[in-house]
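Some notes on the structure that comes next.
The values are calculated or read from the model by the stated rules, or taken from the named source; none is laboratory data. Everything quoted here is computed from the prediction, not taken from an experiment. Ideal geometry is used to build each Cβ from the backbone, glycine not excepted, and the neighbour counts take in all protein chains shown. SASA here: full protein model, heavy atoms, side chains in, ligands and nucleic acids out. Shrake-Rupley method; radii C 1.70, N 1.55, O 1.52, S 1.80 Å.
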Amino acid sequence: MFNSIQTIQVRTSPAYAVSIGPGLLRTCGQRLRDLLGACHVAVITDSTVAPLYLGVVTGSLQTAGFAVSSYVFPAGETHKNFDTLSGILEFLAEERLTRTDCVIALGGGVTGDMAGFAAAVYLRGIRCVQLPTTLLSAVDSSVGGKTAIDLKAGKNLAGSFRQPVAVLCDTDCLASLPAGIFADGAAEAIKTGVLSDEHLFSLFEDGTLTTAPGSVIAQCVAYKAGVVERDEKEQNERRLLNLGHTVGHAIETCSGYTIPHGHAVAAGLAIIARSAEKLGWTDAPIADRIAACLQKNGLPTGTEYGAAELAHAASADKKRTGGDITLVIPRRIGLCELKKVPVAELLPVIQAGLEG
Ligand code: GLY
């Protein structure tokens, strides 16, 4: 039953395993029983995922002997806010979860971020398990312990670093993902290819992501695990994982979060690659190759928003320190670097990367 599961260790504090493979939702109870011990688990999920997987997950947890409660909030980035967080926290308190109990985040990036944040602050921190059901949460957001909600001023502006105690990534969930949601995750995976190595990047050019997603997810998670182990709190190397995100977050903010995260990151990646090439920061031309790869995976390479709007939104980004903002610049496929630029220079940098 447990065949074809790949496991990647993340040696943070606490250390934990990311398991990737088929059938992990219906076996999650047995898999978590030894790790968590007898306890009360609260499954937090959204209105899209609940009808698909909540029953199978709560059934597996109950069969394994856990006391199980569940909370469903309305799906969508626009609900990743204080109101939803407050609802989750009140629910955990009403259900009387204690410090030895556990939150289980079942869903995509929004659910993982919010349930993870609730677990990080409830009773000053209880355990959290991530059960990612989208490609985006599988390759990126379920691993590494970033948790957050959005504020009116920008994305992920309130949050905490809190590592999960386990991640179970059931690859069976990917088969039923709508094309746009799958593409959203492809953006973070392609980002990882640009950051880490040309071979991984080529798997997005040749379609391997769709034919063997488990293997590609494992490679992305293995890369991210190494970065997070070396720089858990994003003081240095982990900032590279924000490739495409400065402009991407600005696009999301300008759209009122109607453009999905991965699509915004894809456009942000294409834009910063074009800027870097035009401004002479790359070793060789790379922008067309990155744009072609994004397009092949159903992703945008530009935006309707102008440079001034984007620069204004980006100036509220977390990556700003004083009058400077740190951009992630692709030098070539497999090598990126951090570049601190004055916030005033953001506008011409973004302008250089816009299409047309
Ligand atoms: N998603 C980027 C990070 O986890 O650091």
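Below are the figures for this structure:
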item: Test: residue in the stretch 160-181 that is within 13 Å of the ligand (Cβ to nearest atom) and of a type in the set (Lys, Arg); result: yes
item: Selection within the stretch 137-146 - within 10 Å of the ligand (Cβ to nearest atom) and open to solvent by less than 20 Å² (accessible area, probe 1.4 Å); result: Val139, Ser142, Val143, Gly144, Gly145
item: Thr253 being closer than 30 Å to Pro164 by Cα, in contact (Cβ under 8 Å) with a residue 24 or more places away in the chain, in a helix (DSSP H, G or I) and away from the ligand (no atom under 16 Å from the Cβ); result: yes
item: Yes/no for Ile350 being more than 20 Å from the chain's Cα centre (by Cα) and within 28 Å of Gly180 (Cβ to Cβ); result: yes
item: Count of residues meeting criterion [assigned to a helix (DSSP H, G or I) and either within 8 Å of the ligand (Cβ to nearest atom) or under 15 Å from the mean Cα position of the chain (by Cα) (or both)] in the stretch 224-240; result: 7
item: Residue selected from the stretch 264-275 under the condition closer than 16 Å to Leu294 by Cα and either more than 16 Å from the ligand (Cβ to nearest atom) or at pLDDT below 95 (or both), by the criterion surrounded by the fewest Cβ atoms within 10 Å (Cβ to Cβ); result: Arg274
item: Thr133 vs. criteria in contact (Cβ under 8 Å) with a residue 40 or more places away in the chain, crowded, with 24+ Cβ neighbours inside 10 Å and among the hydroxyl-bearing types (Ser, Thr, Tyr); result: yes
item: Filter result for Ala118 (away from the ligand (no atom under 12 Å from the Cβ), at negative phi and open to solvent by less than 10 Å² (accessible area, probe 1.4 Å)); result: yes
item: Leading residue by the ranking (nearest to Ala273 (Cα to Cα)) among those in the stretch 246-256 that are of a type outside the set (Val, Ile, Thr) and open to solvent by 10 Å² or more (accessible area, probe 1.4 Å); result: His249
item: Residue, nearest to Ala292 (Cα to Cα), within the stretch 147-206, restricted to residues that are surrounded by fewer than 22 Cβ atoms within 10 Å (Cβ to Cβ) and of a type in the set (Asp, Glu); result: Glu205
item: Among the candidates Thr58, Thr78, Thr100, residue that is under 26 Å from Ala189 (Cα atoms) and out of contact with any helix residue (DSSP H, G or I) (no Cβ under 8 Å at 6 or more places or on another chain); result: Thr78
item: Test: Asp231 is surrounded by fewer than 20 Cβ atoms within 10 Å (Cβ to Cβ), modelled with pLDDT of 95 or more, over 27 Å from Asp206 (Cα atoms) and in contact with a helix residue (DSSP H, G or I) (Cβ under 9 Å, 6 or more places away or on another chain); result: yes
item: Identity of the residue in the stretch 276-319, hydrophobic (A, V, I, L, M, F, W, C) and open to solvent by 30 Å² or more (accessible area, probe 1.4 Å), that ends up nearest to Asn242 (Cα to Cα); result: Ala316
item: Restricting the stretch 264-298 to residues that are part of a helix (DSSP H, G or I) and either touching a Lys or Arg at 6+ places or on another chain (Cβ under 7 Å) or of a type in the set (Val, Ile, Thr) (or both), the residue that is nearest to Thr208 (Cα to Cα); result: Ile290
item: Residue match in the stretch 256-263 (condition: of a type in the set (A, V, I, L, M, F, W, C), more than 16 Å from the ligand (Cβ to nearest atom) and more than 24 Å from Ile5 (Cα to Cα)); result: yes
